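**Q** Here it is, the structure in full.
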Amino acid sequence: MKVLFVSRSGVQCGVATYTDQIINALAKLGIEIECAVDNTVTQKAVSTMISGIPIHRCWRGSDHSYGQLIDLIMKKRPNIVHVQHEFGIFPSDKGVSQLFQAVSNCGLNLVVTCHTVVAPAHHLGWFFLDPCSRASMVIAHSEGAKNALLKWKLEPKRVKVIPHGTSESCSKINKLEARRHLFLPEEKDVTMALSLGFITQGKMQHEAIHAIAELAKEGVLDTKKFIYLIVGSPGQQTKENREYCRELHDLVHQYRAWNYIRIYPSFVEDSDLPLWYGAADFVITGSHPTAFSISGRSHQEMAFAMPSVSANAELLSDLTPYRSLKYDTRAELRWNIMQMIHDKSLRSALSERSLEFAGETSWAKVAKMHIAAYKEAINLRKKD
């Protein structure tokens, strides 16, 4: 089976990371993969290889340049054209409609993974009303996303839930060794919480700062035995996110909290994840309210068996109350943080449950689900 992925790859982007992981998992199972990826540098077509998989940089969603992509699809004529759709990557309704129509008109099987699904009446609904309806199969990452897709009148037989994948064999560095390497306090009685990922308003790092500083001010939290770490670069290095990062620094300064709240504004490579997760006792994963989507960051945390305190947002719905302490309000966030600090058995239970779910959604298992979906998509088109 030959599959051509249309997505982003090799850049600091959640969908790009997802793509890199799923294509490698599929390739290990013998699927012949090529990628046509968004060229954010130049309109000139460029071909490279990543882990032995051909990568064609031949289109730009920002200026509707799909001509070279359509030419590549016509030349390759794969069994499946699999589009990883996100509105920020495919902003043009006209351009995406032309792309999907071209694939459909030439008799190829189109599969679309919807990384974000909005409810009916939303201004982005054009995608589900026209381009998405042309697909042989539409993949959602949750039952909530599937139900939202069905409300857009997509055929139930063409909508399939395949969970977001989770990395395998992720192990943390010993806590003492990790803290020593990162120049963090090595005392055994110091509990550390971590928020790791892009620093953006949507990740709501400021809410955790307020909650922790308030607990300290009230004397409920012993600042000599607790540290909160915010680690990650401002998302996409935009002016807005850099300014938000500066506001976080100002907020910590206003609380005079530098001894127990520390911000490290730099991108964390995969090779350093075992260090940061090894140093921390639990994670705080915030989010503003979102459309139906699933966070790769939440699966990364579960892959490392991290107990978590997480916002009650659709983006973090795989962090269920069984696997995470959920919160809607700052009061609930404060309470959950204190529970995590004082209850080691709770942290241990959440860790075990998260690791169990990580195994159930490993990329190897998710890749097999994709292959089954591809075969089903081919059969559905034959019946049409």
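**Q** Examine segment 111-128 for a residue that is more than 21 Å from the chain's Cα centre (by Cα) and within 19 Å of LYS375 (Cα to Cα), and state whether such a residue exists.
**A** No.
**Q** Out of all the residues in segment 96-118, which are small (Gly, Ala, Ser) and out of contact with any strand residue (DSSP E or B) (no Cβ under 8 Å at 6 or more places or on another chain)?
**A** Residues satisfying the conditions are SER97, ALA102, GLY107.
**Q** Please specify each residue of segment 312-324 satisfying the condition of being in contact with a Ser or Thr (Cβ under 7 Å, 6 or more places away or on another chain) and not acidic (Asp, Glu).
**A** Once the filter is applied, which keeps residues that are in contact with a Ser or Thr (Cβ under 7 Å, 6 or more places away or on another chain) and not acidic (Asp, Glu), segment 312-324 yields ALA313, LEU315, LEU316, SER317, LEU319, ARG323, SER324.
**Q** Given (1) exposed (fewer than 14 other Cβ atoms within 10 Å of the Cβ); (2) in contact (Cβ under 8 Å) with a residue 60 or more places away in the chain, where does LYS382 come up short, assuming only one miss?
**A** Every condition holds for LYS382 apart from (2).
**Q** Considering every residue within segment 266-286, establish whether at least one is among the β-branched types (Val, Ile, Thr), out of contact with any strand residue (DSSP E or B) (no Cβ under 9 Å at 6 or more places or on another chain) and over 23 Å from ASP20 (Cα atoms).
**A** No - not one qualifying residue is present in segment 266-286.
**Q** Looking for something closer than 23 Å to TYR327 by Cα and free of Cβ contacts under 8 Å to residues at least 12 places away in the same chain - is there at least one such residue anywhere in segment 233-255?
**A** No, every residue in segment 233-255 fails to be closer than 23 Å to TYR327 by Cα and free of Cβ contacts under 8 Å to residues at least 12 places away in the same chain.
**Q** Residues that are in a loop (DSSP other than H, G, I, E, B), among the polar types (S, T, N, Q) and modelled with pLDDT of 95 or more: does segment 173-192 have at least one?
**A** Yes, some residue in segment 173-192 is in a loop (DSSP other than H, G, I, E, B), among the polar types (S, T, N, Q) and modelled with pLDDT of 95 or more.
**Q** Take ALA279 and decide whether it is of a type in the set (Gly, Ala, Ser), buried (at least 21 other Cβ atoms within 10 Å of the Cβ) and within 29 Å of HIS115 (Cα to Cα).
**A** So ALA279 fails the test.
**Q** Here is a follow-up. Please determine whether any residue of segment 124-134 is in the same structural domain as LEU149 (by TED's automatic domain parsing), buried (at least 23 other Cβ atoms within 10 Å of the Cβ), touching a residue at least 24 places away in the same chain (Cβ under 8 Å) and part of a strand (DSSP E or B).
**A** no
**Q** Can you name the residue in segment 24-63 that is surrounded by fewer than 16 Cβ atoms within 10 Å (Cβ to Cβ) and basic (Lys, Arg) and, of all such residues, is modelled with the lowest pLDDT?
**A** Per the criteria, the residue is LYS44.
**Q** Kindly list, by first and then second residue, each pair from a residue in segment 50-61 that is of a type in the set (A, V, I, L, M) to a residue that is modelled with pLDDT under 85, limited to pairs with Cβ atoms under 8 Å and residues at least 6 apart or on different chains.
**A** ILE50/SER9; ILE50/GLY10; ILE55/SER9; ILE55/GLY10; ILE55/SER47; ILE55/THR48; ILE55/MET49
**Q** Determine if segment 141-157 includes at least one residue that is surrounded by fewer than 18 Cβ atoms within 10 Å (Cβ to Cβ), at positive phi, at pLDDT below 95 and not in a helix (DSSP H, G or I).
**A** yes
**Q** Here is a list: PRO307, PRO265, PRO274. Which entry is free of Cβ contacts under 8 Å to residues at least 60 places away in the same chain and within 22 Å of the chain's Cα centre (by Cα)?
**A** None of the other options fit; the residue is PRO307.
The values are calculated or read from the model by the stated rules, or taken from the named source; none is laboratory data. Here the structure is a predicted model, which means the values were calculated and not measured. Cβ: placed from backbone, ideal geometry, glycine included. Neighbour counts: every protein chain shown.
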